[in-house]
Amino acid sequence: MGLATMQYSRILIACLTAACVSALAIAILYRFAGAWGLVDRPNERKHHVGHIPLIGGLAAFIGVLAGAVVDGQAPLFTSVLLGTGAVLAVVGALDDRFDLSVRARLLVQTAAVLAMVAVTGVQIHTLGHLFGHEFELGVFGIPLTVVAVIGLLNAFNMMDGIDGLAGMLALVSIAAIILYQGQPQWPGVIVLVLLAGALVPYLAANLGLVGKKIFLGDAGSMVVGYILAWTLIHLSQSGNNTELSTIDVLWCVALPVLDTLQVVVRRIREGKSPFKPDRGHIHHMMLRAGLGPRTTLVALVMLAILLALTGMLTHSLAPGSNLLAFGALTAIYVTATGRLWQKQQAAPAVPQPQPQPQPRATLEPAELPSNVVRLRSSVTLLSPYGKNSRGPKHGSAAK
């Protein structure tokens, strides 16, 4: 009991450290975001107001590193995970600054995944015991691992479309992973606990609860998805874990996975690149349907919680039934959102009324009394002298 208390105390201190360092990093990075070019500007897809610093993810990752140092129990897997995660954080920051190409990002992401596999040996080698058989992947394990990790980190990147959504979905996934385990394996989930603590200051600022507004940025959304993906693979493929199966993993991150699948399927059907951004995600559709950003956030977080709880119910079914249930859910989600997208695209755009200039009240010459002498305006009289005027010089006390 004493050892357990010490372990919980150490984890709590490490989590608080992650939160405090993350908050401090936000305050420091905010001062340099503009000089470094880490700001998000409005455009045809981004409808926020003003230039918002893209520092939330960097600050959160710095908090995770600080918490890991305080915890002092990082095994090889955790150390390599944080090391490769740091590379992705830097690349994400460069993407926020210079808008890197899709090919460059995919190359770095693939290299990070292969480095994890080569150093730690962790990969997806089985889909579990399904329909009476063990589905070993053999040589297909590494390619599936690459696709799974890159897919999830980009799924969280795509879900970072309204305030608080990516961060709140990450917290839901972390809570689901711990609940699925029953008795948490703290060495395997310590990075997730640190990540949860480090995300709290970001969410407080992003949602306008404290301080000035900031965004997560690609550095943050990629790292969040990367850490979640590798933790899920490690827990489900460890060999001695029976609480979290390979299919349970999908339910822990169900909403980002489902929405990414529907976007990819729709873009391919339309003959577009799956990597070409648009406003076809579920949060965009809900906003176009008339829901406000906060209402959309609450609805999607509740949906993510409901999906995680549904996965817990299917876990008790016969092996393979939870996979069939997730497959059916995927088909329903892709079909429903596809029809909603088509309906919204077919609806005529409602033109916004433009304000009409009000005519100035003037007296026509015919309305002037006959005994009134008509004078030229002072502007007309002075115009020959002010033709080349540029106004008061900078620094002059013009009144």
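The values are calculated or read from the model by the stated rules, or taken from the named source; none is laboratory data. Owing to the predicted nature of the structure, the values given are computational and were not obtained by experimental measurement. Glycine also receives a Cβ, built like all others from the backbone with ideal geometry; neighbour counts cover every protein chain displayed. Just so you know, the surface numbers come from the protein's heavy atoms only, side chains and all, with ligands and any DNA or RNA stripped out. Shrake-Rupley method; radii C 1.70, N 1.55, O 1.52, S 1.80 Å.
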Apply the a/c threshold of 1.5 to the C-alpha gyration tensor of the stretch 146-236 and tell me whether it is rounded, prolate or oblate. oblate
Under-5 Å amide H pairs with GLY320, H placed in peptide plane, nonlocal only: PHE131
Equivalent ellipsoid, the stretch 225-331 (semi-axes from 5 times Cα gyration tensor eigenvalues, Å): 28, 17, 14
For the stretch 236-286, projected area of the alpha-carbon convex hull averaged over all directions, nm²: 4.7
Diffing the stretch 269-279: the Karplus 3J(HN,Hα) column from phi (6.51, -1.76, 1.60, θ = phi - 60°), in whole Hz with x for Gly and Pro, holds 4, 7, x, 9, 5, x, 9, 7, x, 7, 9
Unit charges on C-beta of K, R, D, E only; dipole of the stretch 139-292, Debye: 500
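Hey, if we sort HIS315, HIS283, HIS133 by accessible area with the 1.4 Å probe, largest down, what's the order?
Numbers: HIS315 80, HIS283 0, HIS133 120 Å².
Largest accessible area first, the residues go HIS133, HIS315, HIS283.
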When the Debye formula is applied to the Cα atoms of the stretch 207-271, each taken as the same point scatterer, what base-10 log of I(q)/I(0) results at q = 0.24, 0.29 Å⁻¹? -1.02, -1.15
Along each principal axis of its Cα atoms, how long is the stretch 1-138 end to end? Whole angstroms, biggest number first, please. 55, 44, 28
Heavy-atom accessible area of SER9, protein chains in place, probe 1.4 angstrom, given in Å² to nearest 10, is 50
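Output needed for the stretch 130-287: three equivalent-ellipsoid semi-axes, defined as square roots of 5 times the C-alpha gyration tensor eigenvalues, in descending order, whole Å.
Values: eigenvalues 145, 103, 29 Å².
With the √(5λ) rule applied to the stretch 130-287, the semi-axes are 27, 23, 12 Å.
Take CYS20, CYS252, CYS15 and sort them by solvent-accessible surface of the protein heavy atoms, 1.4 Å probe, largest at the top. Can you show the working numbers first?
Numbers: CYS20 90, CYS252 5, CYS15 30 Å².
So the residues, ranked largest to smallest area, are CYS20, CYS15, CYS252.
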Surface accessible to a 1.4 Å probe, TRP186 within the full protein complex, Å²: 40
Dipole size in debye (nearest 20) for the stretch 19-125 around its Cα centre, Lys and Arg Cβ +1, Asp and Glu Cβ -1? 180
Out of residues 5 or more away from GLY128 or on other chains, whose amide H comes under 5 Å of its own, with H placed 1.01 Å from N in the peptide plane? PHE135
Of LEU207, VAL253, ALA196, which is farthest along the charge dipole of the stretch 196-275 in the positive direction, counting Lys and Arg as +1 and Asp and Glu as -1 at C-beta? LEU207
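Please list ARG97, ARG31 in order of solvent-accessible area, largest first, computed with a 1.4 Å probe with all protein chains present. List each step's numbers first, then the result.
On the way: ARG97 105, ARG31 195 Å².
Final ranking, largest accessible area leading: ARG31, ARG97.
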Can you compute the radius of gyration and Dmax for the stretch 105-157, using only the Cα atoms, both in Å? 12.5, 40
